[in-house]
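> This is the structure I want to talk about, given as structure tokens.
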Amino acid sequence: QVHVVESGGGLVEAGGSLRLSCAASGRTFSTSAMGWFRQAPGKEREFVASISWNGQFIYYADSVKGRFTISRDNTEKMVYLQMNSLKPEDTAVYYCAGLLGSGNPALPASDSWGQGTQVTVSS
């Protein structure tokens, strides 16, 4: 299992940037793909981005491609999501999670989710 704690969310104006961090723990982190998901009020959780265990395979949802960048540091057991050119529709609670396989498709390895971190983009 991979346990995660998300941070870095906040309030930002449209066009601004935020960098989300995911502090991970667990023996399987370094061999697990990781992903970011988000959930807006009243909507289902959706996939945002994923990265394979060695960082060689990266996938993005079409809605964030070209604006968001996922990265990881296996030494520090951290996963990041750099979000640029933010839009109001990016407003959501963002979650990170360990994924099965290489991260494509983005299938969480566990049914449990952390607290996430709130991202609010004003217009």
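The values are calculated or read from the model by the stated rules, or taken from the named source; none is laboratory data. Treat the numbers as computed from the prediction; the structure is a model and nothing was measured. Cβ atoms come from the backbone with ideal geometry, glycine included; neighbour counts cover every protein chain shown. Keep in mind that these areas ignore ligands, DNA and RNA; they rest on the heavy atoms of the full protein, side chains included. Shrake-Rupley method; radii C 1.70, N 1.55, O 1.52, S 1.80 Å.
> Cross-link partners among lysines for K43, C-alpha distance below 21 Å, same-chain residues fewer than 8 apart left out?
Counting by Cα, and skipping residues close in sequence, K43 has these lysines nearby: K65, K87.
> Might you report the magnitude of the Cβ-based charge dipole of the chain about its Cα centre, with Lys and Arg at +1 and Asp and Glu at -1, to the nearest 20 debye?
Working: 10 positive and 10 negative charges, 31 e Å.
Here the size comes out at about 160 debye.
> Using a 1.4 Å probe, what is the accessible area per residue for the chain, in Å²?
Dividing the accessible area of the chain by its residue count gives 53 Å².
> In the chain, carbon and sulfur make up what percent of the accessible area (probe 1.4 Å)?
48 percent
> Still on this model: If you look at just the Cα atoms of segment 1-115, how large are its Rg and its Dmax in Å?
13.0, 38
> Note down the accessible area of K87, probe 1.4 Å, to the nearest 10 Å².
80 Å²
> Segment 31-93: D in µm²/s via Stokes-Einstein (Kirkwood Rh, Cα pairs, 25 °C, 0.890 mPa s)?
Once the numbers are plugged in, D ends up at 199 µm²/s.
> Okay, moving on. Over the chain, calculate the relative contact order: mean separation of alpha carbon pairs under 8 Å at least 6 apart, over the residue count, as a percent.
On the way: 317 pairs, mean separation 43.8, N = 123.
Rounded, it is 36 percent for the chain.
> With a point put 7 Å past each Cα toward its Cβ, work out how far R67 is from A14 in nm, to one decimal.
1.0 nm
> Got a sec? What order do F57, F47 fall in by accessible area at 1.4 Å, biggest, i.e. largest, first?
So the residues, ranked largest to smallest area, are F57, F47.
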